[in-house]
Every structure is written in structure tokens, then in C-alpha cells.
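Participant: One structure is given below, represented as C-alpha cells, and several questions about it will come after.
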Amino acid sequence: MYYKSLGYRVFNVFNIGFLIFLAVLCIVPLIHVLAISFSSKAAADASLVGLWPVEFSIEAYKKTMNNPAFLRSILISVARTVLGTAVTLAVTFLAAYPLSKDNSVFRSRSFYSWLFVFSMIFNGGLVPFYIVIQKLGLINSFWVLVLPATVNTFLVILMLNFFRGIPKELEEAALIDGAGHFKTLFRIYLPVSLPSIATIALFSMVFHWNSWFDGLLYLNDSRDFPLATFLQTVIIQRDMSSMSMSPQEMELISQTTVNAAQIFIGALPILLVYPFLQRFFVKGMTLGSVKE
Amino acid sequence: MKRMKKTWPFHVMLLPAVICLFLFSYLPMGGIIMAFQNYKPWLGLSGSEWVGLDNFRYLFERQDSMQVILNTLVIAVLKIVFNLLIPFGFAILLNEVRKTAVKGTIQTLVYLPHFLSWVILGGILIEMLAVDGFANRILGMFGVDPIFFLGDNNWFRFTVIISDVWKEFGYNTIVFLAALAGVNPTLYEAAEMDGASRFRQTLHITIPSMLPITVVVGTLALGNVLNAGFDQIFNLYNPLVYEKGDIIDTFVYRTAIINGEMGFGTAIGLFKSVISMILILVSYRMAYKWAGYRIF
Amino acid sequence: MKQRKKWMPVLASLVLAGSLTACSGGSEAEQPQTPSAEPKSENVYKEKYDPEVTISTVWGIDPTLQYKNGETIENNVATKWAKEKMGINIKTLWSITDTNGAFGTKLRLSMSSGQDMPDIVTLGNENNQLAQDLIDSGMFADAGALFDQYASDNWKKAMDLDPGVWNQYTRDGKRMGIPVLDYAYNHDYVLWIRQDWLDKLGMSAPKTMDDLEKVMDAFRNQNPSGLAPDKVTPLSIGFKTSMNTWMADPSWIFGAYGTLPQQWNEGADGSLEYGSVNPAMKEGLLKLKEWLEKGYIPKEAALWDENKTAEPAVAGTAGIIPGPYWMSGWPLSDTVKNDPDAVWKPIPIPVGPDGTAMRHGTHYTNGVTLINKDMEHPEAFFTYQNYLFDNYASAGPGSEFENGLFEGYDYQLDENGKMIPNDEIDGGFVNALRYLLVRDGARIPDAQMKALMKLADGAEPESRLEKEVAVNYGKDTPEAAKVLLSQEEISKKNLFTGPTTETMKSKWDYLTKIENQIMNEIIYGKQPVDAFDTFVQTWTAGGGEQITKEVNEWYQSVK
């Protein structure tokens, strides 16, 4: 076996060392944020915190947890993420199948695929989009967080490329048995595509969890904000250059430690879900088949 | 075999996606006409004054616009290249780690920065890359003079690209790892039988099996060739690096968003879309012609 | 590929269909729904409306605003108060937490999509361009006429302190928006200096630029707290976005040589000139360059914004920080937590070689309130604001608001009837002022300074304002106010307050960009100081001359 050779063992040691170094490099900022969230306010404001908390305090977490708006926004985020991912998966899965066919089999394929690609590149801008959302009655509706993001051309393209990797023989066998396209899609394609579905689910989840701008623009009531929007509104500093300032306000704005706590809590769910999904799709892949 | 010839199921399957596209992409595209107007919100699309190509002319009239477009291209292209190459290499290296726990942990960790927004990272980076900051202290140990990473025109682009790669490479690895996991193990077994070294296996099995997905991701990324990363630049730049750091989006932000010149903003958007469209068309053709590979 | 061409017309028609829907949607709704209200008879104005009247509005919610008792922006102690006291219903069309210009964007979008405009909308200076656009949209009423008709004497008197506050919102002599008044001097600078360091060094407060250099040198090289020279920030300033902002900018350094950058000043001939192109800038730039080399100012001042400059000050490693009089409350009160010996004191702005000193001044207004021309009862808005100007703005002992707006929200009394500090209020301090229709409620420009001066002379706080500053502002605030007023004559406001001129719209961003670039490059030694002359030429030729002309035309028209 190759991994028993001396050369490979030496390589392996260096390789792991190098990868660990990269991994550490990546988490330094997050540790910094974590350290700030557990530090006292005065130390954080003076930028004295490095990678370890200064004057340890859990005050920031208490404040965050006592904020009902924060907790509520987590629920809304979970709801939109679950629903949004489900809708995206269903629509993407369905759309990718015909698009993965050859032009000779599905003659309108070119038209459809350009329809998708074109939509990815051109957009009308914020104002017309807002007008459409308004005419559809989606302003101030929870569904505005779910529906407009349903089709992501990038995901459709990923999915259809996964489909193309599925051996033709499988499909042909099914069709000979008299199965229609729908049956083929759900009986044959679905079971072997779990890993790719997991990948797409992950992309979609991350997208929904981190989206904030839609909530801000299309929801009229800040109590309905998802977490990312909520975080955005508390963390981002205001453009203060032209505002009349008073010490009371500045005191409230500089909530360095509370912000850090919220950033951390906000990233937590994805951090927890990710390793789980990762294992799931690596496992599922072994069922997967060779490409081309 | 007759059922196979029927294509109506295909149209049905595409219907939900097409409805969504129509509602949320194609309807709003009507707004593109703003690019040719001196758009005033209270006059609406039908009432605003037509100005032809004035909005585009303005972009090219500015003394600095060529520099700004060049900055955008350089930064974006380098980002695209490194954001392909580094995750590609990283995925291969990570794939060699056979201890699942170690592999999983590393993968989870490198993935973290993706979740921090540039607003937060901007603050942290400004601190860490300061002249007396963390990065320079480390370099100082090797006898390197302090580098003004964010305030020196020669270093700024480098800093922007490296920090972007650093933020995104872990996340970009996902697609490649998925492709790697999909490689048929029997291929390796056969190679092993033939006595091929791991390096040769990588060269002849692993890399070729990743190429299709690389082409897909690369082609799609070309659509971003005029997106150099507004959030990042906006949070990191300062007047000292305007020369090499100002990009189209920051420029649009200063004129269009702050001054509310929406016609101008739309014009820039259209300009960027057209360029992206051309690039995607070209690369689509190239991928098809040379690699026989259809992306979409 | 043939397929694609065949479908192109279809695509094109799809797009067209989209545009048609969008534009018909937009324009239809933009027609005024009802003809503007017919002239009202004189006695519509009431202290209390019965039946109740409704004022609709939209809110850009301050991100720091807290709620208590399950209240919301739609329904809270202030809306209840308006209903009970005056019979006015405040109806919220929508609200949005205002970060990164979200309120402006949303308002712009709802204006564009033809949604109903609110009866009353208040916009801060940060949304000035939007305010100008809204005025030009013709959807809002001649607010000046309504003001003359309905505003109370107290409010009118406050407004008269500076008739210039209307300038920005005036169109053809009509005053289309009511300026939101702010306290005077809120952004005017003093220097905050570490008195404990001065004392240990046996030095006195610097009065001139030369003195200042000696002090900075001593702070750095013989640091009284024993800090190594490269750990000290003798003068904490930054200019990441601007040389002229609300805290810790270097504008006053240029002031010592006779100009204030990034604002319009009156030149010797009485016309307006842009401060950044005045030749006096060169001397200031050279000074900054020298100080940067000597380590008096942060090495990365070009990257530092307002918050960043506060960091070394709070950490106890900065010796001097320029800024407003209220800084002893925030952030300087936190310094003692990191350095127990720290004592900050306010001192006047030092003078230059020929005795000149200048600091940028503060306008009496920080925004505008617009009144919808279709509003049914515009007089109700005046009932509401008059009440606040008459009873809240200068509330004395014994009045309804003698301690603040609403007990348990923005103030609380202990068992002896004394006001307790904000952070000790049960359930937390809530800035209930933010619940009011006009932000900050009602401010009389000179009231804050008057209150502070009284306290500085050792008087006991009596009025609402005096109590507020005594309890909640830093203990050195009255003294800082005194220092501020001792230099009243050096305060120079930006004299151009008109709407953006035509050439500004297209050229200003470019001009600002090259301006910022050249200043920074000279300070950092990347360009010789003579490059400033080239910059002035480029600036003038690149639209600056035209803009100066337009600005002066405006100036003549309001003089």
C-alpha cells in the first residue's frame, strides 16, 4: 500500500503540519472575537484584548440572552432557513434533471439554460425589484425571505453537473422497464444524488442563514427580522459623521463585548450543523458513481 | 421506448423554476431602462427624462475611471485565479489525510472565516495588519521591516487578495471535496495494482477527476470579473490607496448610492452585466470546443 | 446555438413586458390621490382634538433604542401620551432599524414604488440628499407657511436664533421643510489633555502650536506613566474619511494657519472659498508630516476613524485627543478603568504663529421635518411640537417635564426625589425621546450651553436640562463648555448650506477623492508639499471653479 512507504509518511507529517497551521490561521480572528465577548467592556473598548479574555466576564452573554428580540430572530432565521432550503432543493432538483439531458433528447434545453444563465447575469436593480415584490403583496410577509431566493442558477448548474455524472446505463435500464421521467428521477436519481443534494442544501442553508438585506428592506416591522438582519442592525456602526452625538448615545453604541457575543452566537448554528452535514455527504458519496 | 421521447415531463419539471425566474428576475429587468434615463423616483420609469448614453459617458469622462476599471479587473481576476487554485490544492492535500477526525476538524476550522462579515473582519484586519500589529511583529522576528499593508499602494492589492483567499478558501473547498469523494475507489485500486505511486495516482486520477467541476466553477466565476468585492474594499481602503484600491463598486457607492443617482448606478450595473455576459459566452465556447465540456 | 437566436425575441418581449408592468405600476400610484386640501378656516388648531385626529409617519429606528414593558415603536408611552393629552393618534406606516442608510433606502424605494407617503417624516442630515429629492418631488407642503401660521412663540424664538437654518430647504422663496433644531456647539472642539501627565512633568497646558509640540515631545519621550516612546500616542487623531468630522480630526491644526479644510469659509473679499484649496493648507500639511515622522500622531492616522482614535485614549496611552465638550462622558470616563491615575481636562485650541486659531462650528440644525401636502390636519403636528417646545424644551422646576420625558424610561427618581444615573434605572434606560415624532423632541439651540454655564459656575441643577447634564454627562462637561465658550469667536461654520449644486452632482466625488489622496500623500511624504499647488490647479480646472461660482451665487441669494 502506498501509505506505508517512507516517502509518503514523511510527506504525511509535513502535510498534516501544514494543514493544521492553515487551520489555526483561519480561526485566529474568531478566537479574537470570542475573547472580546468574554472580556470587560473597558478592556474591549481600549482594544487591549488579544486572543485571551481580559478581565473575564459573561455580562455580554447575559445581556444577549435576555434580549427577547434576539431570541425571536433566531426562531425566524431557523424557519426561513428550513423552508427556504426545502423549496430550493425541490425546485433545483426538478429543474436540473431536464437540463442535464442532451439537446437531442430535450430540444428546448438551450432556451431554458440560457433563460437561467441570463437571469444570473442581468438584473434590473433594487427599485424595480422592490416594485415587483410590492405588487406581489410580499412586502412585510415572511415569504419574502423564502420565495425570491428559490432559484439560484449556480446551484442548478452544480446539480445538473452531478446528474450528468450518473451513468447512463442506470437511466436506460429504468426506462426500458417502462418507468417515466418522473419515476426515473425519484427512483433512480434521488437515491444516488444524496451527496450532491447535501452539498446544495449546505450552500442554500448558509445563504439563508446569512442573508440580511432582504429582511431589512422588505419587512416593515423589526420584530420580524431574521437573525442576520438583527445582527446587522446592532453590529454595524452607523454613519455618525453628520449626526448629533451625545455621550448617552455613544455609550450605547460602543457595545463591543455584546456585539462580539452576538456574532459568535449567530455563527454557532452553522458551525454545529456543518460537521454533521459534512459527514453525511462524505458517507453518501461512497454510494455515488464515477464521473464521465 | 415511446415514453422516453415525450418531453412534456421536462417542461413540467422546469415550470416552478421558470415561474420564479420570471417573477423575480425577468419582471424586474424592466428597470434596466433606468440606465438611459435621468431617473427621478417621483417621475417613475415612464416619466423620467431620457438621456441616452449620458450615464455611460460620465463613467468614461472621469479622469480616473480607466484606473478604477483597471483596479477592478486586476483585483477580481487575481481573486478568481487564487480562489480556484488554492482550494483545488488544499482539497487534494486534505484528501491525503486519512484520519477522519483530523480531516473533519481541519475542514471545519478553515471554513470559519467565511461566516464573518467584512465589517467585522475589516476591524480585526486593520488591527492585525497595523505597522505595529500582530502580522508585522511576526515578520519582525525574521528581520523584515514593518510593512504598511493597508496604507501602501504596492501592498494594498496584495493584502486584499490574500485576505479574500484566506477568508474563502475553506468554503470553496467544499465543491472540490465533494468531487473527490465521488471518485470511484476502484480506479485507485487498479492503479495500486499497477504499482503507481501516490503522486502518480494524484496526477492521473485525482486531478483529472476534479477538472470538470473546476471548469464549471471557473466559468461561473468569470461572471464576477468586474466584482472586486465591495464589502471588503469598502471596509479596508483609505485615501492613501485610492490609486490602486478604488474599484467600480466603491466609486458607484460614493456617487450613486450616497447621491441617489439611480440611473447612473443602473448604467454601471448594465455595463458590468454586458462584460460578464461576453466573458461567460467566450469561456462557455472555449470549454465546449477544447474540453468537449458543456457547462450548462 | 440556432436555438438561442430563435428564442431571443421571446426573451426580449419578456423583458419588455417586465418594464411595462413596472412603469405603469410606478406612475399610476404617483398621481396625487386627492386634490390638495382646501384652505382651512382659522380655528382648526386645537390644544386637544376631539374627535381624535391621526398623523401617519415612518420611523428610522435608532439601532440602540431599547424597549421595555412590551412596547414597540407603534405603541408606547409616547404614543399613549399623544393620544390622551392631545387627541392625536400616531399611525406607523412602517419602521426600519436605521443602519447603513437603511431608512433612506427604504424611504427612497417606497417613494419610487408609489406607496403612500407619510403625513410627517423627519430626516437627519445623513439623508440630506433624499430630503432634497423628496422636496423636489412636489409631494410635500410649504411647511414655512404652516409654521408661520401655527407654531408657538417659543418655537419661533428658537428658530429665529439663526434664520439660516431654513436655507437648505428653501425653493423659490418657499420654505419646504421645517429644520430640526439642535444644540449649538455640539461638534465644536476643545482639546482633551491628560492633566496628570502635565502635572508630573511640571508643564502647563499648551497655548500655542509650539507649546503643543513641546508637550507632545515630553509625553512621548519622558512619559510620566513610564510608557516606552513607541507605545504612546501623544495626539490621537485620525482622518480616514475626512479631515473635518465630529471627533478627533486635524481640522483645528489647519485652523492655526488660517483655514479649515473641507468646508466653505468666507474669504477676505466676502465671497465663499473652499477651505481645502487655501494656500494655508500647506503649512498645516507640513506640520502633520513632521508630527507623523516624530511619532506625535498615530503612524496609521490615515486609517483611523473616530472610534479607533478613542481606543488609545481609553487605554490610557494617548496624551491629547481633540473633540466635543461632552467627551468626558464618553469615551474618556472609561480611561480610569485601565489607568487609575488618569485625569482628563479640557483646554482651549492652541493658536498658530500669528495668533490665529479656528475650529469648525456646529449648525443649529441636524435635519428636517417634511409635511405631506395631502395631510388632513397639518395643524395637529404643530399642536404636538408646540407642546414640547413650550413644556419640555426649557422645562423648569415644577413643570410636567422637570425631570425628563417619562418617568421609568429616560429618568427615575430615588426615594428622596433625586434623579438617579441612567444606568441604574429599573429595567434599563430607554431613550423615550426617540419615540417622539421629531427626533430629539424639541431642542432650543442655546439652551444646553446656558445650562452648562450655570452648572460651571457652581449652581445647583434645577431645570430638566440642567439635571440631565449634571447626572448623565461627564463631570468635566460644564468646565469643557466654559472652555468652549471662551473661544466662541474662533468657531467657523461651514457657510454653504444650500442644496447640492448642479456641477457638484457630477464632479464633487472626483474632487473629494483627489483632495483626500493628495493630503494623505503629502502627510505621508509620498509627494512633496509643492504637489499641493498642482492639486489646486487640477481641482480648479476639474470643476472646482464652476462649483465655487455656483456656491457663491447661492450665497449672494441668501445674504
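Participant: At what distance in angstrom do the alpha carbon centres of the range C:102-175 and the range B:195-247 lie from each other?
Facilitator: Value for the Cα centre distance between the two parts: 49 Å.
Participant: Another question, if that's okay. What's the total accessible area buried between chains B and A, using a 1.4 Å probe, rounded to the nearest 100 Å²?
Facilitator: For B against A, buried area totals roughly 8100 Å².
Participant: Follow-up. Putting +1 on Lys and Arg Cβ atoms and -1 on Asp and Glu Cβ atoms, find which of C:Y435, C:N552, C:V215 reaches farthest to the positive end of the dipole of chain C.
Facilitator: It is C:N552, whose Cα lies furthest towards the positive end.
Participant: May I ask what percent, to the nearest 5, of DSSP beta bridges between residues of chain C are antiparallel?
Facilitator: So the antiparallel bridges amount to about 60 percent of the total.
Participant: Provide, in order from the shortest bin, the percent of all Cα-Cα pairs of chain C in each 20 Å bin, continuing until the bin that contains the maximum pair distance.
Facilitator: Histogram of Cα-Cα distances, whole percents per bin: 18, 48, 29, 5, 0.
Participant: If eta is 1.567 mPa s and T is 4 °C, what Stokes-Einstein diffusion coefficient results for the range A:56-209, Kirkwood Rh from Cα pairs, in µm²/s? Can you show the working numbers first?
Facilitator: Details: Rh = 18.2 Å.
My calculation gives 71 µm²/s for D.
Participant: Take the Cα atoms of the range C:102-240, build their convex hull, and give its volume per residue in Å³.
Facilitator: 195
Participant: Please state the Cα pair-distance histogram of the range C:275-431 with 5 angstrom bins from zero: what percent is in each bin?
Facilitator: In whole percents, the pair-distance histogram is 1, 6, 9, 11, 13, 13, 12, 10, 9, 9, 5, 2, 0.
Participant: Now for a separate question. Let me understand the protein assembly as shown better: what is its radius of gyration from the alpha carbons, and its Dmax, in angstrom?
Facilitator: Values for the protein assembly as shown (Cα only, Rg and Dmax): 31.7, 103 Å.
Participant: Helix-derived [θ] at 222 nm for the protein assembly as shown: sum -39500 (n - 2.57) over DSSP H runs of at least 4, divide by residue count, nearest 500? Numbers along the way, then the final one.
Facilitator: Numbers: 48 runs with 602 residues, N = 1147.
Here the helix-only value at 222 nm equals -16500 deg cm²/dmol.
Participant: Roughly how many debye, to the nearest 20, is the charge dipole of the range A:31-85 about its Cα centre, given +1 on each Lys and Arg Cβ, -1 on each Asp and Glu Cβ, and no other charges?
Facilitator: I would put it at about 280 debye.
Participant: For chain C, what relative contact order do you get, as a whole percent, if you take Cα pairs closer than 8 Å and at least 6 residues apart?
Facilitator: Normalised by residue count, the contact order of chain C is 20 percent.
Participant: Given the pairs A:K41/C:K418; C:K450/C:K475; C:K294/C:K493, which are separated by over 21 angstrom at their Cα positions? Before the final figure, lay out each step's value.
Facilitator: Working: A:K41/C:K418 28 Å; C:K450/C:K475 16 Å; C:K294/C:K493 32 Å.
From the list (A:K41/C:K418; C:K450/C:K475; C:K294/C:K493), the Cα-Cα distance tops 21 Å for A:K41/C:K418; C:K294/C:K493.
Participant: Please give, to one decimal in nm, the separation of the simple spin-label points placed at B:Y253 and C:D210, each 7 Å out from Cα toward the Cβ.
Facilitator: 4.6
Participant: Rounded to the nearest 0.05, what FRET efficiency do A:F207 and C:S137 have when you use their Cβ-Cβ distance and R0 = 60 Å?
Facilitator: 0.95
Participant: Now for a separate question. So for the protein assembly as shown, taking the charge dipole from beta-carbon charges (+1 Lys/Arg, -1 Asp/Glu), which of C:Q132, B:Y288, C:G60 sits furthest toward the positive end?
Facilitator: Final value for the positive-end residue is B:Y288.
Participant: Let me ask something additional. Efficiency by 1/(1 + (r/R0)^6): what FRET value for B:I207 and A:W52, r their Cβ-Cβ distance, R0 = 41 Å, to the nearest 0.05?
Facilitator: 0.45
Participant: Along the Cα→Cβ direction, 7 angstrom out, place labels at B:F158 and C:A228. What is the inter-label distance in nm?
Facilitator: Label at B:F158, label at C:A228, 2.5 nm between them.
Participant: Average projected area of the Cα convex hull of chain B, in nm²?
Facilitator: 23.3
Participant: About its Cα centre, how strong a charge dipole does the protein assembly as shown have in debye, to the nearest 20, once Lys and Arg get +1 and Asp and Glu get -1 at the Cβ?
Facilitator: Values: 96 positive and 114 negative charges, 1369 e Å.
So the magnitude is around 6580 debye.
Participant: Which pairs, out of C:K174/C:K492; C:K214/C:K308; B:K167/C:K526; B:K40/C:K549; B:K272/C:K240; B:K79/B:K167, put more than 21 Å between their alpha-carbon atoms?
Facilitator: From C:K174/C:K492; C:K214/C:K308; B:K167/C:K526; B:K40/C:K549; B:K272/C:K240; B:K79/B:K167, over 21 Å: C:K174/C:K492; C:K214/C:K308; B:K167/C:K526; B:K40/C:K549; B:K272/C:K240.
Participant: A further question on this structure: Rank these residues by their accessible area, most exposed first, probe 1.4 Å: B:H11, C:H187.
Facilitator: B:H11, C:H187
Participant: Among A:S47, C:I253, C:V165, which residue has its Cα positioned farthest towards the positive end of the charge dipole of the protein assembly as shown, with +1 placed on the Cβ of Lys and Arg, -1 on the Cβ of Asp and Glu, and the dipole taken about the Cα centre?
Facilitator: Going by the charge dipole, the pick is A:S47.
Participant: May I pose another question? When the distances between all Cα atoms of the range B:1-57 are binned every 5 Å from zero, what whole-number percent does each bin get?
Facilitator: 4, 16, 15, 12, 11, 9, 8, 7, 7, 4, 4, 2
Participant: Quote the FRET efficiency, to the nearest 0.05, computed for B:T100 versus C:K80 with a Förster distance R0 of 51 Å and r equal to the Cβ-Cβ distance.
Facilitator: For R0 = 51 Å, the calculated efficiency reads 0.25.
Participant: Build a GNM of chain B with springs between Cα atoms under 10 Å: which of B:V102, B:V74, B:V216 gets the top mean-square fluctuation?
Facilitator: Maximum fluctuation in the GNM of chain B, among the listed residues, is at B:V102.
Participant: Rg/Rh for the range C:327-370 to two decimals, with Rh computed the Kirkwood way over all alpha-carbon pairs. Present the calculation step by step, with values, prior to reporting the outcome.
Facilitator: Details: Rg = 17.0 Å, Rh = 14.3 Å.
Result for the range C:327-370 is an Rg/Rh of 1.19.
Participant: Let me ask another. So, with a 1.4 angstrom probe, what is the percent of accessible area on the protein assembly as shown that is carbon and sulfur?
Facilitator: About 60 percent, which is the carbon plus sulfur part of the accessible surface.
Participant: With every protein chain in place, what's the accessible area of A:T257 (1.4 Å probe, Å², nearest 10)?
Facilitator: A:T257 exposes around 10 Å² with every protein chain in place.
Participant: Further question on the same structure: Report, to two decimal places, the Cα Rg of the range A:1-57 normalised by 2.2 N^0.38 Å (N = number of residues).
Facilitator: That ratio works out to 1.84.
Participant: Let me ask something else about it. Quick check on chain A: what does the Kirkwood estimate of hydrodynamic radius come out to from the alpha carbon pairs, in Å?
Facilitator: 23.0
Participant: Straight-line reach from A:K4: which aspartates and glutamates have Cα under 17 Å away, leaving out those fewer than 8 places along the same chain?
Facilitator: B:E96, B:E189, B:E192, B:D194
Participant: Measuring from centroid to centroid over Cα atoms, what is the spacing of the range B:34-107 and the range A:77-134 in Å?
Facilitator: Using only Cα atoms to place each centre, the spacing works out to 21 Å.
Participant: Dipole of the range C:396-475, Cα-centred, from +1 at each Lys and Arg C-beta and -1 at each Asp and Glu C-beta, to the nearest 20 debye?
Facilitator: For this selection, approximately 380 debye.
Participant: Can you compute the modelled spin-label distance between B:L139 and C:Q195, with each label point 7 Å from Cα toward Cβ, in nm?
Facilitator: Label at B:L139, label at C:Q195, 4.3 nm between them.
The values are calculated or read from the model by the stated rules, or taken from the named source; none is laboratory data. Please read these numbers as outputs of a predicted model, since none were measured by experiment. Reconstructed Cβ throughout: ideal geometry from the backbone, glycine too, with neighbour counts over all protein chains shown. For the accessible areas, the whole protein counts, side chains as well, though only heavy atoms, and no ligand, DNA or RNA atoms are used. Shrake-Rupley method; radii C 1.70, N 1.55, O 1.52, S 1.80 Å.
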